[in-house]
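The block underneath contains the structure these notes are about, expressed in structure tokens.
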Amino acid sequence: MAYRALGLAAGELGDLETGLTALRQAVRVASVAGLEDAAAQARMSRAFVLLSQGKTSAALRDASASVMSLRGLDRARALAQQGVILLRAGRLDEALAVFATALSG
């Protein structure tokens, strides 16, 4: 969780490289520890940093992996974030479909 917090903070402050490095570490540590929800949430955070760097395909891969790994309210939140990424990528129809699914959660 500390690596995720560092990554989020760095990303918000515009230090995308530090944010990405910390979020990669967050995913790695959580995965090794068997904390799949924590790893999925870190991937979702990493997706926004990747999007901010213009790496849309990588951002969408992380977002999709997060959605597939999470359940319940966490999944609904991940879907909403995935919808934002799709929207920013100019994929409006897909974004609207994902938002509709998120709302049902």
Checklist entry - Based only on the alpha carbon positions, what is the Kirkwood hydrodynamic radius of region 12-69, in angstrom? => result 11.1 Å
Checklist entry - GLN81: net charge of surrounding residues, Cβ under 12 Å, Lys/Arg +1, Asp/Glu -1, itself excluded? => result +3
Item to check | Among [x] 18.2; [y] 13.4; [z] 14.5, the entry derived from the coordinates for Kirkwood radius over Cα pairs in Å | outcome: [y]
Checklist entry - Using the Karplus equation 6.51 cos²θ - 1.76 cosθ + 1.60 (θ = phi - 60°), what ³J(HN,Hα) coupling, rounded to whole Hz, does each residue of region 46-51 give in order, writing x for Gly and Pro? => result 4, 4, 5, 5, 4, 4
Checklist entry - Averaged per residue, what accessible surface does the chain expose to a 1.4 Å probe, in Å²? => result 56 Å²
Item to check | Simple label model, 7 Å out from Cα along Cβ direction - ARG91 to ALA2, nm | outcome: 3.6 nm
Checklist entry - Once Lys and Arg get +1 and Asp and Glu get -1 on their Cβ, which of VAL67, ALA100, VAL84 lies farthest toward the positive end of the dipole of region 31-105? => result VAL84
Item to check | Extended-chain gain in nm, criterion 0.36 nm per residue less alpha-carbon gap, THR101 and GLU36 | outcome: 21.2 nm
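The values are calculated or read from the model by the stated rules, or taken from the named source; none is laboratory data. What you see is a predicted model; the values in this text were computed from it and never measured. Counting neighbours? That spans all protein chains shown, and the Cβs are built from the backbone with ideal geometry, glycine included. For accessibility, only protein heavy atoms count, side chains too; no ligands or nucleic acids. Shrake-Rupley method; radii C 1.70, N 1.55, O 1.52, S 1.80 Å.
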